[in-house]
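Take this structure, written in structure tokens, and hold onto it; I'll ask about it next.
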Amino acid sequence: MLLSAEVGGIEGLSAPQVPIHQAKVGDRHPAGRYPSGILQLRPKSQPLPTSEASRSNIRCVLFDLDNTLVHRSRSIASYAELFLADFGERLESSSVAQVARLIEVQDNGGYLVNRKFSTIKDAVAATLVGNLQWKVLPSPAEVMSHWTSGFPVRTVEMDGAAALVGALAAQRIVIGIVSNGADKSRVDTVAQLSFRRHIAIVVSSERTGFRKPDSRLFAAAAAELGFAHDECVFVGDHPLNDIAGALAAGMSAIWLSGFHPWPTDMPETVPVASSLAEVGQHIAMWADGR
């Protein structure tokens, strides 16, 4: 087990018993109205904040969702199967690979790139309607509704996610998720995870009105759980949105590499993990005072 005594066990840490729920933070801000980016990239000569002194006092681990606990690309491939099952008779011809490829281009790992559209779901719907060969053409609204309801149920967990979360929960470390995006899609996605019972809260940018890398989103999650910022570790795949944002909030952080490159003008001040198993090893060593 990742956090066993063999890897630097963290027995003895205590955390409040937090019910599994979706707590509220203040008033919901209108969707799409977020404060402008607060955190700017800094030159390497100007270090990012760190909280190394508190790493032996870990009581909470917060995770990003997409490409951290959930494998976005594999989830899209799974959704493509569902899409063909439901729309196949209305298509001239297509394949799972073609549908998945069209979605991947617009989805961009969960980051909207086509500014002709206001959301990823708009981009995905328009692309599938406009680029597949249809016998009976659906409306973009019909395809968008299918994506909105169908994509979360085709969620594919990241390798090692269940093992890591289970090991943390066994050590009474509280676990939460902090993610940019629509609140319902975040909650619906988490509901599909095999380890959902261990997730104390899901904090979305839509619900709080703060969007990564705004440090206030991270602070909101810590406040909901009742932890000081330096009692929290954040794990994510995006150097700016996840890592720089968490550090600015006074948390420790671990970068899960492999999805977004580390910016050349951003100082490398955090541990790097190529898998969730390595994330667990870093947490175990910190908790053991190493």
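Find how many whole Å separate the alpha carbon centroid of the stretch 262-276 from the alpha carbon centroid of the stretch 172-190.
Distance between centres, Cα-based: 23 Å.
As an exercise, identify the trypsin sites (Lys or Arg not before Pro) in the stretch 118-178 lying in DSSP coil whose Cβ has no more than 12 other Cβ atoms within 10 Å.
Of the trypsin sites (Lys or Arg not before Pro), the ones in loops of the stretch 118-178 whose Cβ has at most 12 other Cβ atoms within 10 Å are Lys135.
Could you pull out every residue, at least 5 positions away or on a different chain, whose amide H is within less than 5 Å of the one on Val203? Hs are placed 1.01 Å off N in the peptide plane, and Pro or chain starts have none.
The list, which skips near neighbours in sequence, is Ile177, Val178, Ser179.
For Lys184, Lys116, Lys212, what's the fewest-to-most ordering of other Cβ within 10 Å of each Cβ?
The most exposed by this proxy come first: Lys116, Lys184, Lys212.
Can you list the HN-Hα couplings for the stretch 252-261, worked out from phi with the Karplus curve (6.51, -1.76, 1.60; θ = phi - 60°), rounded to whole Hz and with x for Gly and Pro?
Along the stretch 252-261, the couplings run 7, 8, 10, 8, 8, 7, x, 10, 10, x Hz.
How do 262-269, 196-203, 104-111 rank on mean C-beta neighbours within 10 Å, highest first?
Final packing ranking: 196-203, 104-111, 262-269.
Still on this structure, please answer the following. So for the stretch 73-153, taking the charge dipole from beta-carbon charges (+1 Lys/Arg, -1 Asp/Glu), which of Phe83, Asn114, Val136 sits furthest toward the positive end?
Projecting each Cα onto the dipole axis, the largest value belongs to Asn114.
Now for a different question. Using the Karplus equation 6.51 cos²θ - 1.76 cosθ + 1.60 (θ = phi - 60°), what ³J(HN,Hα) coupling, rounded to whole Hz, does each residue of the stretch 196-206 give in order, writing x for Gly and Pro?
4, 5, 8, 8, 6, 8, 10, 10, 9, 5, 4
How big, on average over all directions, is the shadow cast by the Cα convex hull of the stretch 73-153, in nm²? Could the numbers behind the result be given before it?
Values: hull surface 18.5 nm².
For the Cα atoms of the stretch 73-153, the hull's average projected area reads 4.6 nm².
Along the Cα-to-Cβ line of Ala85, 7 Å from the Cα, sits a label point; which residues in the stretch 191-208 have backbone N less than 19 Å from it?
191-194
Something else: By count of other Cβ within 10 Å, fewest leading, how are Val270, Val96 ordered?
Val96, Val270
Name the aspartates and glutamates eligible as straight-distance cross-link partners of Lys135: C-alpha to C-alpha under 16 Å, and not fewer than 8 places from it in the same chain.
Filter leaves Asp86, Glu89, Glu92.
Measure of size requested: the Rg and Dmax of the stretch 50-191, with Cα atoms as the atom set and Å as the unit; please supply both.
Answer for the stretch 50-191, Rg first and Dmax second: 18.0, 63 Å.
I'd like to compare 155-161, 244-250, 128-134: which one has the highest average count of other Cβ atoms within 10 Å, and what's the full order after that? Could the numbers behind the result be given before it?
Working: 155-161: 18.6, 244-250: 25.4, 128-134: 16.0.
Descending packing order for the listed peptides: 244-250, 155-161, 128-134.
Run the numbers for Ala97 and Arg74: contour at 0.36 nm per residue of separation, minus the present Cα-Cα distance, in nm.
Between Ala97 and Arg74, full extension yields an extra 7.1 nm.
Would you mind computing, in nm to one decimal, how far apart the modelled labels at Ala163 and Glu104 are, each placed 7 Å from Cα along Cα→Cβ?
2.6
Collect residues whose amide H, placed 1.01 Å from N in the peptide plane, falls under 5 Å from the amide H of Val70; neighbours closer than 5 in sequence don't count.
When sequence neighbours closer than 5 places are left aside, the close amide H contacts are Met158.
Less than 11 Å Cβ to Cβ from Gly109, Lys/Arg counted +1 and Asp/Glu -1: what total charge do the surrounding residues give?
That works out to -3.
Any idea what the dipole of the stretch 203-290 comes to, in debye rounded to 20, about its Cα centre with Lys/Arg Cβ at +1 and Asp/Glu Cβ at -1?
Taking the Cα centre of the stretch 203-290 as origin, the dipole is about 160 debye.
Every read-out reported here was derived from the displayed coordinates using simple, explicitly stated rules and does not represent laboratory data. Treat the numbers as computed from the prediction; the structure is a model and nothing was measured. Because the Cβ atoms are built from the backbone with ideal geometry, glycine has one as well, and the counts that use them run over all protein chains shown.
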